[in-house]
Each structure stands twice: as structure tokens, then as C-alpha cells.
1. How much of the DSSP beta bridge set in region 88-191 is antiparallel, as a percent to the nearest 5?
2. Just one of (1) 19.5; (2) 17.9; (3) 17.2 is Kirkwood radius over Cα pairs in Å as worked out from the coordinates here. Which one is it?
3. Would you calculate, for the chain, the mean residue ellipticity at 222 nm contributed by helices, counting each DSSP H stretch of 4 or more residues as -39,500 (n - 2.57) and dividing by all residues, to the nearest 500?
4. Using alpha carbons only, how many degrees (0 to 90, rounded to 10) separate the axis of helix 172-181 from the longest principal axis of the chain?
5. Classify region 4-65 as rounded, prolate or oblate from the Cα gyration tensor: take a ≥ b ≥ c as the square roots of its eigenvalues, call it rounded if a/c is under 1.5, otherwise prolate when a/b beats b/c and oblate if not.
6. Explain nothing, just the number: relative contact order of region 4-65, from Cα pairs under 8 Å at least 6 residues apart, as a whole percent.
7. Rounded to the nearest 5, what is the percent of antiparallel bridges among the DSSP beta bridges in the chain?
8. Taking the chain as the reference, fit the longest principal axis to its C-alpha atoms, fit the long axis of helix 35-47 to the helix C-alpha atoms, and give the angle between the two in degrees, 0 to 90, nearest 10.
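Coordinate-derived values only; no laboratory data. Nothing here was measured: the structure is a model prediction, and the numbers come from that model.
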């Protein structure tokens, strides 16, 4: 399920499987995609025989999963879990190698720049490498939390003690720009992912 459209199709199947009132408009809002694109996805799933449309009234429709739709949803969920596990395993292996190298070069304390799946895996790997995580920063997610740790704005770096900044932000260019504007020494920055 590496493609965005596969994820949208899975999410539509998931929403339909929950039953209840479901309009294409509400579905498009839940998916965060345009109504026209939602209509296209629903028609594609109907044509494939994965959902059926039941007319309740002239202007009211209900969507139901077919047996093939249930099987497809299950298959897609299993595929997603497999891909997630492969991503996790490969990320942990790569991060462990990076962090062991940092530690061998004398790093003891680290600030994590970024949030998201890779950041969560990095946080676990940093702890496993026995590197002290002294803070988590993100331009987009300041004020939120990552695994129970507060996420602070990058401007707070000046008040945090660290040997290295580990950047796991998906927007590498933006992170480079922010760190450059803050005058962060490039030699202290480790880039992972992205």
C-alpha cells in the first residue's frame, strides 16, 4: 500500500465497513481529499465489486462492503502491517548504526529535530544507544508532544544542552533553512531519513 490512492481506497473501505450514515461529502472530509476525487474512488470500488450502493430514498444512498470488499480490506490491512514492519526494522537498523557512530565520536546528548513515525523510532533507538535526549524540536509541531516529550520550537535550541542535533524531519530543506537561520554549527547536525 505504498501509493496514496491505495491508502485512500483502504480508508474508504474502512469507513464503509463501520456502517451508518456516510455521504461522499463526509467521506471526502474524513479523507482530506476533494469531493470529485472521492466520487472517483467510490465509483472505482463499486465497479470492482468491493462496495455496493443501496438506494434508500431518491436522494439518499448507503454504501455497504461486499464479501469481496471485506476480503480486499483485510488483504490491504495485512499488506500495510507488513510494509510498516519492514520500514520499522530497516529504520531501526540504519538508526542504530548512525547513533553508534555518533557515540563512538563522543556524542553523549542529542536533540531530536522533527516528529512523526521516523522520529518515534529514532527516539527509541537513541535511548537504546544510551544517548541522552535533551529535547525535541519542530517548527511545525511545537507545542505538541512526541512519546510524552514536549516538542519545542527550534528557537529554543539556544537554551538546550546538546552535542548533536539529529534531524528526522521529512522537509530537509526547511530544516536546513531554520537551523541555518539559527546559526547552528553544521558539524553538530546528523541527517537521517528524508
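1. Rounded to the nearest five, the antiparallel share is 10 percent.
2. Answer label, from the structure shown: (1).
3. So the helix-based figure for the chain works out to -16000 deg cm²/dmol.
4. 40
5. prolate
6. On the way: 54 pairs, mean separation 21.0, N = 62.
After rounding, I find 34 percent.
7. Of all bridge pairs located within the chain, approximately 35 percent are antiparallel.
8. Roughly 60 degrees between the two axes.
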